[in-house]
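Engineer: Supplied in structure tokens, the structure appears directly below.
Computed from the coordinates by the stated procedures, all read-outs in this text should not be read as laboratory data. None of these values were measured; they are calculated from a predicted model. Counting neighbours? That spans all protein chains shown, and the Cβs are built from the backbone with ideal geometry, glycine included.
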């Protein structure tokens with residue numbers, strides 16, 4: 001998912017292009033503003049943590065672009081391309097390293113496992 005600041009900064013095409021150039025195929029794409037219920041489900045694993053409310057409010061604050069890509073070793077490769085959660089720690093050349101502003105506004109969310117990917121795809125696309 002390309003987060004609100006990524007959409008606002010006009011980075012959607014650049015970010016999707018990175019995945020396509022890496023050999024991934026886009027199989028689903030949706031621009032939307034997440035409602036609170038969906039956002040809470042998206043970040044369920046963080047419920048109860050001190051940053052949960054701010055994260056939910058942020059992700060609902062403006063449009064996001066949800067994207068499903070397919071390709072060999074998709075989850076691990078996508079996580080590598082995305083970089084560390086904290087943009088200050090993310091390697092140059094990663095999405096977060098190049099465009100992230102801070103830990104919350106780090107431009108992109110990527111599923112951390114196949115199980116998470118299936119759950120998130122179902123949440124956003126009903127697939």
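Engineer: Report yes if some residue within the range 39-56 is surrounded by fewer than 16 Cβ atoms within 10 Å (Cβ to Cβ), touching a residue at least 24 places away in the same chain (Cβ under 8 Å) and within 17 Å of residue 114 (Cβ to Cβ); otherwise report no.
Structural biologist: no
Engineer: Taking the range 6-21, which residues are touching a residue at least 60 places away in the same chain (Cβ under 8 Å) and within 12 Å of residue 99 (Cβ to Cβ)?
Structural biologist: Once the filter is applied, which keeps residues that are touching a residue at least 60 places away in the same chain (Cβ under 8 Å) and within 12 Å of residue 99 (Cβ to Cβ), the range 6-21 yields 6, 9, 11, 15, 18.
Engineer: Which residue out of 75, 27, 67 is within 21 Å of residue 93 (Cβ to Cβ), in a strand (DSSP E or B) and either touching a strand residue (DSSP E or B) at 6+ places or on another chain (Cβ under 9 Å) or touching a residue at least 40 places away in the same chain (Cβ under 8 Å) (or both)?
Structural biologist: 67
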